[in-house]
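Derivation of every value follows stated rules applied to the coordinates shown; laboratory data play no part. The structure presented is a predicted model; accordingly, all values stated were derived computationally and were not measured. With ideal geometry, Cβ positions are generated from the backbone for all residues, glycine too; neighbour counts draw on all protein chains shown.
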Amino acid sequence: MSATSYAASIIETALASEQPILRFGTFTLKSGRSSPYFFNFGLFNTGSLLLALASAFADAILDAYPEIGSSSAGPDTPKVLFGPAYKGIPLVAAIASELARRGRDIGYSYNRKEKKDHGEGGSIVGAPLKGQKVLIVDDVITAGTAIREAHKIVESEGGQTAGIVEALDREERGQGELSTVQEVEKELGVKVTSVVKMRDIVAWLKEKGKLDEMKAMEEYRAKWGVN
Ligand SMILES: O=P(O)(O)OC[C@H]1O[C@H](OP(=O)(O)OP(=O)(O)O)[C@H](O)[C@@H]1O
């Protein structure tokens, strides 16, 4: 298996950036696991890096939903991107404009963390979710709290979660045998699409002949990876 072209492109952008976004080494995660790699999505912090990330997201979204934003889109195709505050906000704005640049026009919206009682009020900003099929976008799913919360917001606004897209799937077990992504898919009955998966990073390292890093990743996957 080889890495998807958009995964490879994000991996390369992440490695080449001034402050390395993707690093190989030894990193202790919040879970206590010692990981051979670390992806810091907060470091996609310039216009060009955000554009590269939005473009890879758009590629992954078009791969998963080929008709999105087109005149042939069916009733089950997502019509609105929803980005949970805060990190989902710039993501949905950038991805929606990148999709528009490719001739695919869809709505985007996001929540406020604190309700506003003046002006237009409410806790949602952007395209209405009522009666819409919604694609939730976030950078990472760790314990799944933010995504479950975002799903509740979509439902409470009268929308329907049609799918979820995240930047990175570490493809490792949570508390039980399943990964958080697999648990969320089961629980919400929707597909989670990821721009980069752990297996893409392994495949990319193999293609580039970076065998020490690849070996460390394989060992980690054997210990913590999902089937
Ligand atoms: O799956 P989880 O365990 O919920 O972790 C993932 C969430 O955590 C981070 O956001 P955070 O909650 O820190 O909020 P922020 O976007 O405002 O920084 C991240 O952007 C995800 O939304």
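Can you give the angle from 0 to 90° between the axis of helix 88-101 and the longest principal axis of the chain, with both taken from C-alpha atoms, to the nearest 10? Between helix and principal axis, roughly 80 degrees. Here the simple spin-label model places points 7 Å from the Cα toward Cβ, and for residue 185 and residue 112 these points are separated by 3.7 nm. Here r is the Cβ-Cβ distance between residue 125 and residue 43 and R0 is 25 Å; the resulting FRET efficiency, rounded to 0.05, is 0.50. Look at the Cα gyration tensor of region 105-227: its axes a ≥ b ≥ c give a/c of at least 1.5 with a/b over b/c, and that counts as prolate.
Normalised by 2.2 N^0.38 Å, where N is the number of residues, the C-alpha radius of gyration of the chain stands at 1.02. Label sites at residue 97 and residue 227, each approximated as a point 7 angstrom past Cα along Cα to Cβ, lie 4.6 nm apart. Of the residues 111, 126, 137, the one whose Cα sits farthest toward the positive end of the charge dipole of the chain, with +1 on the Cβ of Lys and Arg and -1 on the Cβ of Asp and Glu, is 111. Using a Gaussian network model on the chain with a 10 Å cutoff between Cα atoms, which of 144, 131, 176 fluctuates the most? Highest fluctuation of the listed residues: 176.
I'd like the orientation of helix 211-224 relative to the chain: the angle between its Cα long axis and the longest Cα principal axis, in ° from 0 to 90, rounded to 10. With both axes taken from Cα atoms, the answer is about 60 degrees.
Residues whose amide H comes within less than 5 Å of that of residue 197, counting only those at least five positions distant or on another chain, are 169 (H built at 1.01 Å from N in the peptide plane).
The C-alpha atoms of the chain define a longest principal axis, and helix 5-16 lies at about 70 degrees to it.
First check a/c for region 98-163, with a ≥ b ≥ c the square roots of the eigenvalues of its C-alpha gyration tensor; if it is under 1.5, answer rounded, and if not, answer prolate when a/b is larger than b/c or oblate otherwise. Cα axes put region 98-163 in the oblate bin. Loop-located GluC sites (Glu not before Pro) across region 5-71 with a Cβ neighbour count of 15 or fewer within 10 Å are 18, 67, with loop assigned by DSSP. Counting only trypsin sites (Lys or Arg not before Pro) that sit in a DSSP loop (anything but H, G, I, E, B) with at most 15 other Cβ atoms within 10 Å, what is the longest stretch of the chain containing none of them? Segment 34-101 is the longest.
Give the shape of region 1-119 as rounded, prolate or oblate, defined through the alpha-carbon gyration tensor: a ≥ b ≥ c are the square roots of its eigenvalues, a/c under 1.5 means rounded, and otherwise the shape is prolate if a/b is larger than b/c and oblate if not. Oblate, because a/c is 1.5 or more while a/b does not exceed b/c. Quick check on the chain: of the DSSP beta bridges with both residues there, what percent are antiparallel, nearest 5%? That works out to approximately 35 percent antiparallel.
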